[in-house]
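Enquirer: Just passing along the structure, written as structure tokens.
The values are calculated or read from the model by the stated rules, or taken from the named source; none is laboratory data. Please read these numbers as outputs of a predicted model, since none were measured by experiment. Here the Cβ positions follow ideal geometry from the backbone for every residue, glycine too, while neighbour counts run over all protein chains shown. Each accessible area value is taken on the protein alone, full model and side chains, heavy atoms only, with ligands, DNA and RNA left out. Shrake-Rupley method; radii C 1.70, N 1.55, O 1.52, S 1.80 Å.
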Amino acid sequence: MGGLLPIFVSVADSNRRKRRGIKPQRRNKTARIVLTAACILGAVVSFFFVLEGHKYVIGEGWAPIHVNVEIDRKYARNVTLFLPQQREMHIPLQTAEFQADGETSEKIIMHKRLTTHGFYRGVSIRIPEAEASQTLAAIDNISIFIGNKLFYFSSSDIQEWLKRGGDNENGHVVLPVPGLRYTPSLVIKNWTNYYGDFNLALMGIFDFLFHPARYALTYFFIICMLYIYKNYVSSVYRSLRGKNWIQPALFVVVILTGFALRINGFLRTSGWLDELYSSVVSSPRLPFLQTFSDPGNPPLYYMLLRLAFTLFGWSEPVGKMVSVVLGTLTIVSVYVMTLRSGSKKAALLAALFMALSMYAVGFSQEMRSNIMRMFLVPLCAAVFLDLQKRASPENMVLYCLSCICLANTHYFGVIFIMANFIYYFCCFFASKKRDRKNAALFVCANVIAALSFLPFFIITALRGALADTEFNSSIKPPGIPEFTLMFVVIVFFIAGILLWKRKTPQTLTGEKASRFIMYLFSVSALVFLISQVFSVYRPIFKPDYFLSIVYPPGIALSALFVLAVSKIKYVHAKYLAGFCAFLFCVSYYQGVRGGADNGAFKECTAYIARDSSAHPGLKSATFDGKAHGNYSGYPEYYGYGALPVYSAEGGFDVLYLPHIPFGIHEYIKYNDMARYGIDYANLLKIHVNDDTVVYKKYLR
């Protein structure tokens, strides 16, 4: 940097001469070019240097790898893993079978989980050269799970490896396993467990933005370059300031950013229990009335899924893409709702918070109705506020339609509509001017929305949910903590009303924004109180149900809070409050896709299908999953055929015990075997991930 300092001083002097109207010397132009090139080069090199050093901590960049080798016990110790360009070159595998006392099996499973401390450039099998042919002949199959993808190699596939030849290394043959790529890369070659260029680019960009201390040198070079061209930057800023197209352009950038975060890795996690259930209920192969069969969820979301499956095919990518699209549209709906505060800046900031929210991103990547509620609540709130302001027939129809959609998405949507109803009439009776005609139309709109909910309520919800005490029995009735929280909410609710009457919020935000804040605060409090009151009779309150309703209003309130504190004279308090609000929206709650330990049915089904088809001479079967909940149709959903159901008289040779979404614990599988009189001896365990295995039992 010592050599660049004179050049930098020369350029600074040139800027001063320009301001004074003195023509700069020619050598200063050269200095500017040299310094610009140095800043660009320094920023790029320092950025990639830091990114390389922190690539293991900036997020999900690589997939875990599980290697399973089914082999004759005699040759099991001959097989080790060889990892090119890794510190641990030779890795032994470990026995993974379930073995009863005193019994041994002819075949065993050798398993190894490769630690996810970085990227692997391929995986190879290392065997003694003297026994290469015998060892490969003893291998029945090799199954490698990279993330949620299966790479299966049958005995005939493995024999081809030896024909192609391998490398010799200290009396051993090293045979590369072909085709191991989770995601192809345009930039990086031969990374086996790499999640892709797009994922790495997103991680790098957001790590740069949210961890400036790591990239201090990069920021220094960028600031230097901005200083060199500060006159040009200032002129560009002045020319763009106040342009009508700037805010729409920024809004489009926010939407695209939110979409990029949601589509990145949306298929990285396989469907878990609720997602699989959604796929079957929405299957176009079943009667339409099947969409009414879920006691806990009204049919609208399932109808939307069914439409998508009908148009684009019954598959997991189609179903999850519906959530990605809804999650992106939620950014728009939050923007539309926050515009009712009268502040375009607040609306844009709320849209940005929603785009970056990990809670919203998480639920935008799973096939459940949570994200649809988050999309509909802001729309319903926006139309409600329009209706309150001007009770036109158009607004009445729009509010009625939004209520119908929300009520038929989830029963917490009904609670939100009830909260709107209470708030409307509280404002109605508090107002000196009472338009009874508009109030009657509002009541009619709510009655129509309630009538639209009745078919589902009568057909399914009343009998299958409210009257069935076993349904959602894990939800507990409110206790002392819940009643204490209700008291706190009521106190804050009353305090908010008193502050609003004293016009305290109006002084910071203005009259229109203060009314908007009062509405969001009141409705959120009412949703909590109503749900807790209902839970006294029939427990219905779950945090994710509640958060999916009040989170969009919370985002809008946070944006308005940031703008309000920006008017405070104390600079440090202003930035601290804004930073806290930003952190609240971005990382308050991780909307993790549900059930990390029970979302591997796709991988299990893929293994069973590939392994059974690789042994056409053996008659394969599996257990009936109806004992733990009906999962029929799930193999077909992933494009695999279902195996016959096991029976003692069937004459089966191989039995597979898959990971059952509704019965995930190992002891349940053991109980199933005991029910059919099958012992536990020689039970092979194929590791799919850290939590899930497939059991394989040779019956003969």
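Enquirer: I'd like the FRET efficiency for Tyr237 and Lys345, computed as 1/(1 + (r/R0)^6) with the beta carbon distance as r and R0 of 22 Å, rounded to 0.05.
Expert: 0.85
Enquirer: Full-extension gain between Glu649 and Leu307, please, as 0.36 nm times their residue separation minus the C-alpha to C-alpha distance.
Expert: 118.9 nm is the gain from fully extending Glu649 to Leu307.
Enquirer: Now for a separate question. Could you give the Stokes-Einstein D for the range 100-240 in µm² per second, using the C-alpha Kirkwood radius, 4 °C, 1.567 mPa s?
Expert: 65 µm²/s
Enquirer: Once the Cβ-Cβ distance between Asp690 and Trp245 is put in as r, and R0 is 30 Å, what FRET efficiency do you end up with, to the nearest 0.05?
Expert: 0.05
Enquirer: Which pairs, out of Lys243/Lys320; Lys320/Lys344; Lys107/Lys163, put more than 29 Å between their alpha-carbon atoms?
Expert: Over 29 Å apart, Cα to Cα: Lys243/Lys320; Lys320/Lys344.
Enquirer: Taking amide hydrogens as modeled 1.01 Å from N in the peptide plane, which residues meet the under 5 Å criterion relative to Asp167, leaving out close sequence neighbours?
Expert: Val174
Enquirer: Accessible area, 1.4 Å probe, largest first: how do Lys344, Lys696, Lys112 sort?
Expert: Heavy-atom accessible area, descending, gives Lys344, Lys112, Lys696.
Enquirer: Enumerate the amide H contacts of Arg181 below 5 Å, restricted to partners 5 or more residues apart or on another chain; note that Pro and chain-start residues carry no placed amide H.
Expert: Amide H neighbours of Arg181, under 5 Å, 5+ apart: none.
Enquirer: Go through Leu643, Leu451 and list them by solvent-accessible area, largest first, probe radius 1.4 Å.
Expert: Largest to smallest exposure gives the sequence Leu451, Leu643.
Enquirer: So, taking all protein chains as they sit and a 1.4 Å probe, how much accessible area belongs to Asp653, in Å² rounded to tens?
Expert: Approximately 30 Å² of Asp653 is accessible to the 1.4 Å probe.
Enquirer: Explain nothing, just compute: Karplus ³J(HN,Hα) = 6.51 cos²θ - 1.76 cosθ + 1.60, θ = phi - 60°, for every residue of the range 421-433 in order, whole Hz, x for Gly and Pro.
Expert: With coefficients 6.51, -1.76 and 1.60, one gets 4, 5, 5, 4, 7, 5, 5, 5, 6, 7, 7, 7, 9 Hz.
Enquirer: Going down the table (Lys112/Lys697; Lys74/Lys669; Lys619/Lys697), which pairs top 24 Å between alpha carbons?
Expert: Lys74/Lys669
Enquirer: What's the ranking of 431-441, 553-563 by average number of surrounding C-beta atoms within 10 Å, highest first?
Expert: 553-563, 431-441
Enquirer: In the range 200-271, which trypsin sites (Lys or Arg not before Pro) fall in coil by DSSP and have 11 or fewer other Cβ atoms within 10 Å?
Expert: Qualifying residues, ordered by number: Arg241, Lys243.
Enquirer: Using a simple spin-label model with points 7 Å from Cα along the Cα→Cβ vector, what separation in nm is obtained for Tyr229 and Ser392?
Expert: 4.6 nm
Enquirer: Protein chains only, probe 1.4 Å: how do Ile480, Ile494, Ile109 rank by accessible area, largest first?
Expert: The ranking, largest first, comes out as Ile480, Ile494, Ile109.
Enquirer: Starting from the amide H of Ile125, placed 1.01 Å from N in the peptide plane, find each other amide H under 5 Å away whose residue is 5 or more places distant or on another chain.
Expert: Phe82, Leu175, Val177
Enquirer: Apply the Karplus parameterisation 6.51 cos²θ - 1.76 cosθ + 1.60, with θ equal to phi minus 60°, to every residue of the range 147-162 and state each ³J(HN,Hα) to the nearest whole Hz, in sequence, with x for glycine and proline.
Expert: Ordered by residue, 3J(HN,Hα) equals x, 9, 10, 9, 10, 10, 10, 7, 4, 5, 4, 5, 5, 5, 4, 5 Hz.
Enquirer: So for the range 348-429, considering every pair of alpha-carbon atoms, how many percent are separated by more than 23 Å?
Expert: Of the Cα pairs, 30 percent sit more than 23 Å apart.
Enquirer: If you don't mind, another one. Using alpha carbon centroids, what distance separates the range 341-389 and the range 218-274, in Å?
Expert: 20 Å
Enquirer: Which ³J(HN,Hα) values, rounded to whole Hz and listed in residue order, are derived for the range 314-320 from phi using the Karplus coefficients 6.51, -1.76 and 1.60 in 6.51 cos²θ - 1.76 cosθ + 1.60 with θ = phi - 60°, glycine and proline given as x?
Expert: 7, 8, 5, x, 5, x, 6
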